[in-house]
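Comments concern the structure below.
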Amino acid sequence: MRAYGYARGRPDDDDEEPVLLELSEVTFVGTPDALREVAEFLIAASQDLEKYGQDFGHVHLQHKNPRWRSMMPQFVDVIVARGS
C-alpha cells in the first residue's frame, strides 16, 4: 500500500501546481466518531474495489459522507484509489 498527500498551508501561487508527495507515514488525529467514519469509509471502499476491480477508479470520503462534505475544508479529504 502507498499513501500520498498534499501539504496544507502551501503558498497560493496560481502558476504553481500542487506537488503530490508520497508519504512514509500517515497519522490520524481526530475524535472517536471521526476515526470510525474514516474506518467505515475505508471498509466500504475496499468492498467496492473488490466488487468493481479494474473498473474502480477512486472515491472521496467527502462524496460519501454528508458531514465531511459540510465540514470541508476544515476536514481533510480522504481518497481511496485503485493501485496498479
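Just so you know, all these numbers are worked out from the coordinates, no wet-lab data involved. Given the structure is predicted, the values throughout are model-derived calculations rather than measurements. When we count neighbours, we look across all protein chains shown, and the Cβ atoms used for this are built from the backbone with ideal geometry, even at glycine.
Helices in the chain, meaning DSSP H runs of at least 4 residues, each add -39500 (n - 2.57). Divided by all residues, the mean residue ellipticity at 222 nm is -11000 deg cm²/dmol.
Is the shape of the stretch 19-59 rounded, prolate or oblate, going by the alpha carbon gyration tensor and its root eigenvalues a ≥ b ≥ c, with a/c under 1.5 for rounded and a/b larger than b/c for prolate? Oblate, because a/c is 1.5 or more while a/b does not exceed b/c.
Between L61, L42, L23, the GNM of the chain built on Cα springs shorter than 10 angstrom shows L23 fluctuating the most.
Mean sequence separation of contacting Cα pairs (under 8 Å, at least six apart), scaled by the length of the chain, corresponds to a relative contact order of 24 percent. If I build a Gaussian network model for the chain, linking alpha-carbon pairs within less than 10 angstrom, which residue out of V38, V59, V26 has the largest mean-square fluctuation? With Cα springs under 10 Å in the chain, the top fluctuation among V38, V59, V26 is at V26. Considering only S70, S46, S24, the mean-square fluctuation computed in a Gaussian network model of the chain, springs between alpha carbons under 10 angstrom, is largest for S24. Exposed loop sites are taken as trypsin sites (Lys or Arg not before Pro) in a DSSP loop (any state but H, G, I, E or B) with at most 12 other beta carbon atoms within 10 Å; the longest stretch of the chain without one runs 9-84. Think of the chain as having a plus end and a minus end, set by charges on the Cβ of Lys, Arg, Asp and Glu; of I43, H60, A3, I43 sits farthest toward the positive end of this dipole.
Dipole magnitude for the chain: about 480 debye, using +1 per Lys or Arg Cβ and -1 per Asp or Glu Cβ, origin at the Cα centre.
For the chain, the longest stretch holding no chymotrypsin sites (Phe, Trp or Tyr not before Pro) located in a DSSP loop with at most 11 other Cβ atoms within 10 Å is which? My reading of the result: 29-84 is the longest stretch. Once the chain from R67 to I79 is taken as fully extended at 0.36 nm per residue, the excess over their C-alpha distance is 2.8 nm.
Shape class of the chain from the alpha-carbon gyration tensor: oblate, with a/c at 1.5 or above and b/c at least as large as a/b.
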